[in-house]
1. Could you give me the residue pairs with C-beta distances under 9 Å whose first residue belongs to the stretch 34-58 and is free of Cβ contacts under 8 Å to residues at least 24 places away in the same chain, whose second residue is part of a loop (DSSP other than H, G, I, E, B) and surrounded by 10 or more Cβ atoms within 10 Å (Cβ to Cβ) wherever it lies, and which are 6+ apart or on separate chains?
2. Residues that are within 19 Å of residue 53 (Cβ to Cβ) and either in contact with a helix residue (DSSP H, G or I) (Cβ under 7 Å, 6 or more places away or on another chain) or exposed (fewer than 10 other Cβ atoms within 10 Å of the Cβ) (or both): does the stretch 14-22 have at least one?
3. Of all residues in the stretch 14-51, count the ones that are outside any loop (DSSP other than H, G, I, E, B), of a type in the set (D, E, K, R) and under 10 Å from the mean Cα position of the chain (by Cα).
4. Residues that are of a type in the set (A, V, I, L, M), at pLDDT below 85, over 13 Å from the mean Cα position of the chain (by Cα) and in a loop (DSSP other than H, G, I, E, B): does the stretch 1-12 have at least one?
Amino acid sequence: MYIRPQSRILKERIAEPRHFIQVIVGPRQVGKSTVVQQVLEDTTIPHIYETADTVEPS
């Protein structure tokens, strides 16, 4: 399995004391979801994974 280089940065960020939520944004189809899922599989911290793909505009 290919581990994206950004996973190291994300692991470091979620290891820091948390004051805010972490939001991953970027263009479509670049691997955002994949890198987040890879990092979450490798961590034991409590987490909630949510997507905003189907959010209805109000």
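The values are calculated or read from the model by the stated rules, or taken from the named source; none is laboratory data. Remember, predicted model here, so these are calculated numbers, not experimental data. In this analysis, Cβ positions are derived from the backbone assuming ideal geometry, glycine residues included, and neighbour counts consider all displayed protein chains.
1. Qualifying pairs under 9 Å: 40/47.
2. yes
3. 1
4. yes
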